[in-house]
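The values are calculated or read from the model by the stated rules, or taken from the named source; none is laboratory data. What you are looking at is a predicted structure, and each value in this text was computed from that prediction instead of being measured. Cβ: placed from backbone, ideal geometry, glycine included. Neighbour counts: every protein chain shown. The accessibility values were calculated without ligands, DNA or RNA, using every heavy atom of the protein model including side chains. Shrake-Rupley method; radii C 1.70, N 1.55, O 1.52, S 1.80 Å.
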Amino acid sequence: MSEPCGRTFDEALISGYVDGTLVQGDAQRVQIHLEDCASCRALVDEITAVRETTISSAFATPADHEWPAEAPQSTASRTARRLGWPVLAAWAILLAGVGLLEAWRDADDSLERLILVAGVSGLSLLFLSVLLDRLKARKSDRYHEVHK
Amino acid sequence: MTSAVAQDDEATDRELIDQAHSGQWDAQDTLARRHRQSAFVLALQMLGNRDDAMDVAQDAMLRFFTTLDSFDRERRVQPWLFTIVRNQVRDLWRRRQQRPGDGLVDGEALAGQLVDSANPEADLQRQQLRKSVWRAVATLSETKREIIVLRDFHDLSYKDIADVLKIPIGTVMSRLHGARKQLKAKLEEGGHHV
Ligand SMILES: [Zn+2]
């Protein structure tokens, strides 16, 4: 590519030159051209000047009190969730217990009771496995140290 | 908690991330204080209005910390946070049913958020120039505005810009140069030569 000013490289290299991101060969090519070309020099100067103007700007930022005090996570929602699950679990266990007791009392023969025992054992095993997983996960849970 | 504050000021982002991963809440707080202002300013530069910028910055910080678990400690915090801010800005435009090309901002409002330097008398001319430049930045398309802002205000490296904009690093220089040329043209249109 050849430009009116005689430049043989992509004009975008001028930006790379200003930013100091060019590989040595490209930087040299630009450098050599700039020595002979006033218009590309002017472009370098202008990009540099605008950059100095923007980078030295400062904007009004919110004061500390304008940010939510309890950074950055919603602690309330996590506490609620942490409390919510045990409460729900307790309720479910209570409900299941009452139901089972009723069923046991109403059972007519030992076969029905056997079926109940089998069901409860199965559920207990499932619960136990979930519990073990949870306990294992708890060890790597970064939130469990919050209360210490 | 108070004992950690002094050393947190000097802790690197990576150290703070590690501390946060191990459940130290004041590390999160230090990270938040360190980065939320630049998140706010980026949002302001993209949206042009303080209230929207504050909403976006707060949401972005929240998202930043809820995704902290999966944050790769080898990455740098600022580009990652800026990626989140950029997504939140786009979400806001989408919610308001603006097409991306409509993301123009009010140049007066943006320039009005500039803080005067310590010695306004001596620096009056420079500050006037800054206002003109930011008014012109506000008239750029958001694609051009974001790359100008990331490089020439937040001073991100080409690599970090590629990371935030999700473009190949080889594209950064040409896109940036196109944006700078456009900004130069806008300034000339407005009769400002920097
Ligand atoms: Zn030239």
By the mean-Cβ-within-10 Å protection proxy, highest first, B:56-66, A:88-98 rank as B:56-66, A:88-98
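FRET efficiency for B:Thr12 and A:Asp109, Cβ-Cβ distance as r, R0 = 51 Å, nearest 0.05?
Numbers: r = 72 Å, r/R0 = 1.41.
The formula returns an efficiency of 0.10 here.
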With contacts defined as alpha carbon pairs under 8 Å and 6 or more residues apart, what's the relative contact order of chain B in percent?
18
Net charge, B:Met54 excluded, C-beta distance under 11 Å - Lys, Arg +1, Asp, Glu -1
-3
Gyration tensor (alpha-carbon) shape descriptor, the range A:13-55, a/c threshold 1.5:
oblate
Mean Cβ count within 10 Å, highest first, over the residues of peptides B:164-174, B:135-145
B:135-145, B:164-174
What is the packing order of peptides B:152-162, A:103-113, taking the mean over residues of other C-beta atoms within 10 Å and listing the highest first?
B:152-162, A:103-113
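Counting only other residues whose beta carbon sits under 12 Å from that of B:Ala39, what net charge do I get with K and R as +1, D and E as -1? Display every interim value, and only then the final one.
On the way: positive: B:Arg33, B:Arg34, B:Arg36, B:Arg63, B:Arg86; negative: B:Asp55, B:Asp59.
Net charge around B:Ala39: +3.
What shape does the range A:80-139 take by its C-alpha gyration tensor, where a ≥ b ≥ c are the square roots of the eigenvalues and a/c under 1.5 counts as rounded, a/b above b/c as prolate, and the rest as oblate?
It is oblate, given that a/c is not under 1.5 and a/b is not larger than b/c.
So which GluC sites (Glu not before Pro) in the range A:17-74 pass both tests, a DSSP loop state and at most 11 other Cβ atoms within 10 Å of the Cβ? Could you put the intermediate results ahead of the total?
Numbers: sites: A:Glu35, A:Glu46, A:Glu52, A:Glu66, A:Glu70; in loops: A:Glu70.
For GluC sites (Glu not before Pro) across the range A:17-74 that sit outside H, G, I, E and B with at most 11 neighbouring Cβ atoms in 10 Å, the list reads A:Glu70.
Across peptide A:10-20, what mean number of C-beta atoms from other chains lies inside 10 Å of a residue's C-beta?
Numbers: counts 3, 4, 10, 3, 4, 12, 6, 1, 4, 9, 0.
Mean shielding by partner chains, rounded to a whole number: 5.
Of all accessible surface on the range B:52-194 at a 1.4 Å probe, what whole percent is carbon and sulfur?
Numbers: 3250 of 6940 Å².
Heavy-atom surface of the range B:52-194 belonging to carbon and sulfur, 1.4 Å probe: 47 percent.
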Using alpha carbon centroids, what distance separates the range B:123-194 and the range B:60-97, in Å?
22
Can you show me the helix-derived [θ] at 222 nm for chain B, built from DSSP H runs with n ≥ 4 at -39,500 (n - 2.57) apiece and divided by the number of residues, rounded to the nearest 500.
-22500 deg cm²/dmol
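In this model, which of B:Lys166/B:Lys186; B:Lys159/B:Lys184; B:Lys131/B:Lys186 are farther than 21 Å apart at the alpha-carbon? Before the final figure, lay out each step's value.
Values: B:Lys166/B:Lys186 27 Å; B:Lys159/B:Lys184 24 Å; B:Lys131/B:Lys186 13 Å.
Over 21 Å Cα-Cα: B:Lys166/B:Lys186; B:Lys159/B:Lys184.
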Neighbours of A:Arg113 by Cβ distance under 15 Å: Lys/Arg at +1, Asp/Glu at -1, summed charge -4
